[in-house]
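Take a look at the structure below.
Here, each number is a calculation from the coordinates, and none is a lab measurement. A quick note: this is a predicted structure, and the numbers were derived from the prediction, not measured. Every residue, glycine among them, receives a Cβ derived from its backbone with ideal geometry; neighbour counts consider all protein chains shown.
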Amino acid sequence: MALPDRMKFGIFLGPFHRVGENPTLAIDRDLELIQWLDYLGFDEAWIGEHHSAGWEIISSPEIFIGVAAERTRHIALGTGVISLPYHHPLMVANRMTQLDHMTRGRVMFGVGPGALPGDAYMMGIDPTTQREKMDEALGIILRLFTETEPITYKSDWFELNEAMLQIRPFQRPHMPIAVASVQSPAGVALAGKYGASVLTITVPRDPSSGQSNLRGLWDVAEESAAEHGQTVDRFDWRLTIPIHLAEDRDLAFEEARLGAGRFLREYTEATNGREAAFDGPLEQVIDHMAETGSWIIGTPDDCVEGIRRLEEQSGGFGGLLVQTIDWAPRDRILNSYELLARYVMPQFQGSLAGIEGSNSWARMRQKDLVAGRVRAIDRARQVYAERGG
């Protein structure tokens with residue numbers, strides 16, 4: 001089986017807000033989106049940490065989660081991700097444990113090395129050391145979550161002197177842990193080392209062929225897990241991809257056309273310095289990204305097909321996260337999530353089996369059932385007439 005019986009659906013909220021708009025209102029809209037997803041039945045939302053570049057404006061996912069938890073009832077809320085080299089591990093462990101209790105076990109702990117070069121630069125962190133620091137910090141945090149004896153540890157960038165957590169995690173032995181995988185296999189290797197789940201933020205592709213390399217990525221996770229005496233479950237693996245849906249395929253493209261072009265050109269390329277994915281006109285960016293499978297744009301049926309392609313490319317995974325981008329009018333963005341919840345999620349969560357089975361049963365027995373109903377009506381008329389009605 002390449003997909004679980006019930007796939008998880010959620011969002012990866014960087015967030016991405018174009019430079020020039022009111023940041024206060026942008027954060028309010030992010031919270032509003034989480035409330036909408038909670039109503040629609042989405043499983044989870046992962047919130048990012050960033051400190052530079054002007055587009056991803058949430059600096060503390062923990063604060064955001066604390067507010068979002070009070071406005072929602074069911075949706076799980078994860079840090080997507082905390083950049084571990086930016087923080088003392090004891091502080092991270094304490095904040096996550098507090099959130100775990102405040103949300104009554106709805107929090108998830110996503111970690112990464114830090115993706116924006118400007119963040120590390122401002123804090124004086126050597127970018128070549130970030131992945132090693134993430135590994136070291138995660139190991140200590142897991143010890144703090146699970147060990148009861150005081151921990152003394154001295155690193156070249158933090159120190160613990162008989163450290164322990166005052167309160168243990170609400171979820172046992174701790175909240176779910178996920179490691180981000182963006183541009184290198186380091187993230188999946190670290191996930192394997194600690195038996196954590198994987199958040200694949202972009203679909204990796206071979207530079208020469210342009211083909212997806214998801215299978216190779218998961219192979220790294222399994223090899224690393226085996227090397228360290230751990231196990232990983234591909235059904236805990238989440239893939240992240242930008243998605244925009246509408247009732248009509250052409251309408252979906254037109255709604256996001258300008259915003260999609262601006263996102264790629266102004267942020268991914270001009271701000272982050274990524275190599276151009278498409279050198280044609282800005283208005284054709286969305287067409288190229290959809291054709292290559294980097295984005296899913298279209299109707300709910302197109303989305304179902306896109307998920308099936310990811311299933312084939314990856315060999316199986318357990319969760320789909322929409323990379324949230326402000327690239328269409330607000331009401332159409334909310335409509336896109338509603339279409340996904342109404343027509344896509346049921347296809348991968350087993351919620352249609354009984355409905356479709358019942359409908360098929362009724363159709364096959366239509367003549368007999370209708371005949372019985374007609375006989376019942378005729379009988380009622382006869383009884384009424386015999387009583388002098």
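Here the extension length gained between Ala385 and Arg342 equals 10.7 nm, from 0.36 nm per residue of separation less the Cα-Cα distance. Could you compute how fast region 154-261 diffuses translationally, taking Rh as the Kirkwood radius over C-alpha pairs and applying Stokes-Einstein at 25 °C with viscosity 0.890 mPa s? Give it in µm² per second. The calculation lands on 144 µm²/s.
Going from the residue with the fewest nearby Cβ atoms within 10 Å to the one with the most, Ile27, Ile177 rank Ile27, Ile177. Rounded to the nearest 10 degrees, the inclination of helix 353-364 to the longest alpha-carbon principal axis of the chain is 20 degrees. Taking a ≥ b ≥ c as the square roots of the eigenvalues of the alpha-carbon gyration tensor, region 204-345 is classed oblate because a/c is 1.5 or more while a/b is no larger than b/c.
Taking the longest Cα principal axis of the chain as reference, the axis of helix 249-262 is set at about 20 degrees. Going Cα to Cα from Lys8, which lysines come in below 28 Å? Please leave out same-chain ones fewer than 8 positions away. Cross-link targets: Lys193. Taking the DSSP bridge list for region 8-353 and keeping only pairs wholly inside it, about 10 percent are antiparallel. For the pair Thr128 and Ala362, what calculated FRET efficiency results from E = 1/(1 + (r/R0)^6), where r is the Cβ-Cβ distance and R0 = 41 Å, to the nearest 0.05? Result of the calculation: an efficiency of 0.05. How much of the pair distance distribution for the chain lies past 37 Å, counting alpha-carbon pairs only, in percent? Value for the chain: 27 percent of Cα pairs lie more than 37 Å apart. Of all the options Ile63, Ile47, Ile355, the one that moves most in a Gaussian network model of the chain with Cα springs shorter than 10 angstrom is Ile355.
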